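Worksheet: the structure to be examined is printed underneath.
Please treat every number below as a calculation from the coordinates, not as lab data. Computed from a predicted structure; not experimentally measured. Glycine also receives a Cβ, built like all others from the backbone with ideal geometry; neighbour counts cover every protein chain displayed.
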């Protein structure tokens, strides 16, 4: 996803024979191609199915498996994924949000939730409902709460958008009871709008300038646009992404899934129609 | 670090560094990249002719170095839609690269042990200090300063002093002045299409640039000097088209002082027909004097301005600094020597609002200049005089007589309000202020009269002021309609509450217009009685009918003001009382502006008020209304006002203070003080809020001190908050310099120089105060009761 050292250039791809993998495969293919990465295959079914069988079941896998690393199988699928990502310092994990039983508050299944909680690297969570259609990154929605830490965290996503030639829609959601972040250097919606004809363009420029400079100034060929929505962040992000036919939503996350935490992330994961890239805020 | 002596005070105290007094310092410790644009605005140096943002000399990923020259506007040809002129960005004269062992010093890459930027308000100097641990192990102490000379407004100055603890080899210091790259939303001066210079060898020190569409030429002469323990080291000079680079390569020895000074001189074709020659000659003269003298004379000039302007708040350090910060930027915003420019909404500290001039100048900033530095006030009003032709044209274009000033203007006075705004939620909002917000003409008239009353500047009122009053009155006489009720109504306007557009009989507009009409009649009588020749001349030049002043008086008397004597309330505009009431308290205090939350349509159908509107009337005409009228209207409108504009909190502070509600006044005063300094709104990045800063000064002087103009002096209705031990400030009234000291229960006024005047405290007996004398009052029992206790 970015100009990273060679040892990090792997993408972890959990592989099984369920229907969810049909939806994950096109996303994984695109991510691996854009990042010029090596796939790191983690078989999550026990006992592992021979690769030849998998190739027959998923013809798209053939090319990927040519240069893939095969991670050792483990008793617990989540552990296998996490360890593979940690040991090969992977760029990211691409996996399905769920198969079968979904947790009520995140919409994820047990494996995806455990991987998310551990999150040794960014995770692309793919809704199985998207089906087997090819995946192209044309429009990326990048919600930002205006804090420097969030802006820094999304550097890989901006790099990805740059590689894909995608357009980047930076989205700030604000509302009646929005509490301004305490982090120094945060920029949220302006409290005073003396003259909207001047204030809004200046504010949008400033917001984008900060995101760009804090996240590393990656060139974005598809253009970068500042957008704002009013209301609760979770529903507004989903609504905005649908309205703009987003191919990817990028969320940075502090890594806490305790009750009352991560309300935005929970809502987006439950309702997003497109893949969601979750970036740990501490990730380098 | 041992200081290299620089004399920054008249008293002879020598040091090279910012003042030690924390009440005169605004500081930023460390480095937070995200805040860079805000720091650039807040710590900007400016003198009214030129202003430079406080960008890091070596740059950072977020640096946006910009220097603005007052009056140098250009139009960005690549802006989509209908581009409007804006202040052009001059080349970055502050750029300085320090390479140590081939590695460039950059703050974002670390290596610094500590880092501090200090705005020395007292001396008008931006300081930067840090210790840097060089990659090769050397420890370097750096102290740098930057200023826009208040003593010699064409001059900018930068100085960097380096001292090392141990030897640091391989130092490369590179100083350049270059146009830089275009940033979105900024138009830059360009060296393209500039005629070649004719100043021979001196061209080595010269950059010549031009605007693209307005034909202004800017000449920038620069020279850098490096001295090691006082001995000068010649630079290696690189000349490239449109820029000049001076560089030095050296090894730093322990204990020695390395001092880099850069002088920059700017002239434009607005100032002279030969900007290049004057810039070169001026620089040549400066190079003959010690650079420390440039700092010294600048610091002394600031010292003089502070004697006329400083507001002391004893008992609240944070507010003390905030008020000084306000005065600092106001002093640096105006140039008394140029009456063809005015102060834009962000002064010369940022590119937001494009350097456009609004009513902000006359109603929010001007009182500061009127009562502390009348020449600056005069120059700003003369800008309105010189732009009368454009105001006449605008009135004519819209089918009216007289002068209708532009809602937004640049040097020409023409209307430059953008036609629409696109908010980040995608809503396209037509901007109608340029078409309907007409109160600006009366606002300017108000400022003219206030200046005249406070200064007694006869030359101004004869030459310029009266003409503005007559032409604006003429506009109002053509703007309204005498309706069947026999009253004069003004329809389809926007008042200060810009959430409600196209309203009829806006109280603020109507009362301002009424006052404008009355005042013009008074001015006509004044001229006819005192300067009959000038009166005849003006009648002839303006084709004033002999009955026009009487018509103005008549229309003023018939003006519908929406005042209901039963309730004591002004209706903000016709139909306002019938609109939906919304409880603002239900929405968070730090939320989006309420019009964004509710949507434009619902906001327009509600009683939500953007900013002081009727309350602004109370502020401007305090003495015209009964105390209970002021109280009733403030209590009615204050809970309905969202303060969606930075202009609003200070006016609410002023009015609440006059009402004696010091708790509410202090709450609003703090809110106003925090607009730039607390970094709670994010939009200081585009420049400081000059009107809010002017409002802060007014909240002190008109609010807490309760200043009012008497026919032959000044009155005060003090409401010094109990938490303030003392409030002190100077004023100038008709040439007489006064010092005022207010405490919660005492007041003292001293006439320092000039003529005697009448002073009244509260409702107490007026006292005649002679120059060199002071009088003291003590608060008595009851509202407004003050007794003279000594003189």
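List of remarks:
- Other protein chain Cβ atoms within 10 Å, averaged over every residue that makes up B:415-428: 5
- The Rg/Rh ratio of region A:6-129, with Rg taken over Cα atoms and Rh as the Kirkwood radius over Cα pairs, comes to 0.92.
- Relative to the dominant Cα principal axis of chain B, helix B:291-309 is inclined by about 20°.
- Label-point separation, residue B:227 to residue B:758 (7 Å along Cα→Cβ), nm: 5.8
- Max mean-square fluctuation residue, GNM over chain A, Cα-Cα springs under 10 Å, options A:186, A:90, A:215: A:186
- Sequence-separation-based contact order of chain B, relative, with Cα cut under 8 Å and 6+ spacing, percent: 10
- Distance from the C-alpha centroid of region A:62-86 to that of region A:151-177: 29 Å, rounded to the whole angstrom.
- For region B:604-744, the square roots a ≥ b ≥ c of the C-alpha gyration tensor eigenvalues yield an a/c of 1.5 or more together with a/b not exceeding b/c, which makes the shape oblate.
- Estimated FRET transfer efficiency when R0 is 22 angstrom, pair residue B:397-residue B:621 (beta carbons, to 0.05): 0.10
- Treating r as the C-beta distance of residue B:281 and residue B:522 and R0 as 45 Å, the FRET efficiency rounds to 0.40.
- Taking only the Cα atoms of the protein assembly as shown, the radius of gyration and Dmax are 32.3, 109 Å.
- The long axis of helix B:466-479 is offset from the longest Cα principal axis of chain B by roughly 60 degrees.
- Helix-derived mean residue ellipticity, 222 nm - over chain B, DSSP H n ≥ 4, -39500 (n - 2.57), to 500: -9000 deg cm²/dmol
- Spin-label model distance (nm) - residue B:768 vs residue B:712, 7 Å beyond Cα toward Cβ: 0.7
- Order of B:74, B:425 - criterion: other Cβ atoms within 10 Å of each residue's Cβ, fewest first: B:425, B:74
- The packing ranking of peptides A:174-182, B:403-411, highest mean first, is B:403-411, A:174-182, where packing means the average number of other beta carbon atoms within 10 angstrom of each residue.
- Per residue of B:639-646, other chain Cβ atoms within 10 Å of the residue Cβ number 3 on average.
- Where labels lie 7 Å past Cα in the beta-carbon direction, separation of residue A:177 and residue B:788 in nm: 6.0
- Efficiency of FRET from Cβ geometry, residue B:601 and residue B:491, R₀ 25 Å, rounded to 0.05: 0.75
- Residue separation of residue B:167 and residue B:541 scaled by 0.36 nm, minus their Cα-Cα distance, works out to 127.1 nm of gained length.
- Distance-filtered residues of region B:607-628 - backbone nitrogen under 19 Å, label point 7 angstrom along residue B:581 Cα→Cβ: B:607-610, B:614-615
- At full extension, residue B:250 and residue B:314 could sit 18.1 nm farther apart than now, given 0.36 nm per residue minus the alpha carbon distance.
- Stretching the chain fully between residue B:550 and residue B:453 yields a gain of 32.7 nm (0.36 nm per residue, less the alpha carbon separation).
- Helix B:548-558 and the long axis of chain B differ in direction by around 70°, with both axes built from C-alpha atoms.
- In plain terms, if you count all Cα to Cα distances in chain B and split them into 10 Å steps from zero, the share in each step is 3, 13, 23, 25, 19, 11, 5, 1, 0 percent.
- Rounded to the nearest 500, the 222 nm mean residue ellipticity of chain A from helices alone is -11000 deg cm²/dmol, with -39,500 (n - 2.57) taken per DSSP H run of at least 4 residues.
- Comparing A:204, A:28, A:84 in a Gaussian network model of chain A (Cα springs below 10 Å), the most mobile by mean-square fluctuation is A:204.
- In range of the label at residue A:225: residues from region B:391-432 whose backbone nitrogen is under 12 Å from the point 7 Å along Cα→Cβ: B:424-427
- For region A:52-144: relative contact order, % (alpha-carbon pairs under 8 angstrom, 6 or more apart): 24
- Here the Gaussian network model covers chain A, with springs between Cα atoms less than 10 Å apart; of A:253, A:203, A:135, A:203 fluctuates the most.
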